[in-house]
1. Being among the hydrophobic types (A, V, I, L, M, F, W, C) and within 12 Å of the ligand (Cβ to nearest atom) is the filter; apply it to region 211-239 and report the residue that is surrounded by the fewest Cβ atoms within 10 Å (Cβ to Cβ).
2. Return yes or no: is LEU37 touching a residue at least 24 places away in the same chain (Cβ under 8 Å) and outside any helix (DSSP H, G or I)?
3. Could you say which residue among SER148, SER134, SER129 is of a type in the set (Ser, Thr, Tyr) and more than 16 Å from the ligand (Cβ to nearest atom)?
4. Restricting to region 251-263, and then to whatever is touching a residue at least 12 places away in the same chain (Cβ under 8 Å) and part of a loop (DSSP other than H, G, I, E, B), can you tell me which residue is surrounded by the most Cβ atoms within 10 Å (Cβ to Cβ)?
5. Considering only region 40-56, state which residues are surrounded by fewer than 21 Cβ atoms within 10 Å (Cβ to Cβ) and part of a loop (DSSP other than H, G, I, E, B).
6. What about VAL258, is it within 15 Å of the chain's Cα centre (by Cα) and aliphatic (A, V, I, L, M)?
7. Being closer than 30 Å to LYS162 by Cα and among the small types (Gly, Ala, Ser) is the requirement here; does ALA26 meet it?
8. When you scan region 57-112, how many residues do you find that are assigned to a helix (DSSP H, G or I), more than 9 Å from the ligand (Cβ to nearest atom) and surrounded by fewer than 21 Cβ atoms within 10 Å (Cβ to Cβ)?
Amino acid sequence: MKTMENEMNDKQKGELARKVALITGAGSGIGRATALLFAREGAQVAVCDLNRDGAEATVAAIQAAGGQAIVVQANVALAADCERSVRETLAAFGRLDVLFNNAGITRRANVVDTSEADWDAVMAVNVKSIFLMSKYAVPVMAEQGGGSIINAGSGWGLVGGKDAVSYCAAKGAVVNMTRAMAVDHGPQQIRVNSVCPGDTDTAMLRNEAAQLGLAATALVEAGNARPLMRVGQAEEIAQVVLFLASDRASFVTGSAYVVDGGGLAGSA
Ligand SMILES: NC(=O)c1ccc[n+]([C@@H]2O[C@H](COP(=O)([O-])OP(=O)(O)OC[C@H]3O[C@@H](n4cnc5c(N)ncnc54)[C@H](O)[C@@H]3O)[C@@H](O)[C@H]2O)c1
């Protein structure tokens, strides 16, 4: 039970005061923006990424702003790394309240041209990682009396997209495994939601353009076709993740939050 004094202190410290968050893929893009925002809102953050340099840069930025964060270098497709990520978070901060399963990759090709290796990699990094991280995080949250898990879906988890069959399969799985996890772990007061961004200006979007043989900015410019006439910025996705992580979303679970400038709403 919070005392009135604690509640007043928490308001001063931010929306995630006293909370510990583990964010995968936090060395770049949406994960980095979310790690910075969470830290600004008072969370202690475990910055998990395969890319150590990226994770270190995120942690340095958090610390420079007066926040608390650690680097957890891990491949989220491997069970041992996921188990260790949760363990290192607990060792550093003593608890785990929020898990943002954000790490993801894309391989742009149709079913004929997708290699078996690419299919397996996309499924492992985007889907199996959520199974593995949650497998080790859920018992900790349950023991603490609750928590919030946010999984990175995509607009392409809700509709099909061109030349992205493995990614669409993976994100469709993310959206529905989120619902199944919400059903399973609601009684333990663990909320599980997915965030479904539309095109967002990150390294992934530029990498996708390269895979399609387009100029680096081509997919950013294609954002003009959306109702809001632009692609998203990583911070705009992070704001919705913050809401889902916070106590403001206390009755929200099993949902897929579309954050896409109206891309799925239709066209004029
Ligand atoms: N950018 C978009 O347009 C967009 C749209 C919809 C959904 N998403 C989803 O948002 C999430 C973040 O995407 P982003 O645009 O910020 O991408 P990004 O490429 O900028 O960042 C992804 C991060 O994940 C890390 N990563 C990759 N494989 C990993 C592994 N095996 N283990 C640990 N870390 C790994 C990378 O090193 C990188 O730092 C992804 O799940 C992506 O599918 C992005």
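The values are calculated or read from the model by the stated rules, or taken from the named source; none is laboratory data. These numbers were taken from a predicted model, which means no experiment stands behind them. We place every Cβ from the backbone using ideal geometry, glycine too, and count neighbours over all the protein chains shown.
1. By that ranking, first place goes to ALA222.
2. Against the criterion (touching a residue at least 24 places away in the same chain (Cβ under 8 Å) and outside any helix (DSSP H, G or I)), LEU37 does not qualify.
3. Selected residue: SER148, the only one of SER148, SER134, SER129 that is of a type in the set (Ser, Thr, Tyr) and more than 16 Å from the ligand (Cβ to nearest atom).
4. The residue in question is ASP260.
5. Matches in region 40-56: GLU41, GLY42, LEU50, ASN51.
6. yes
7. Yes.
8. Result for region 57-112: 15.
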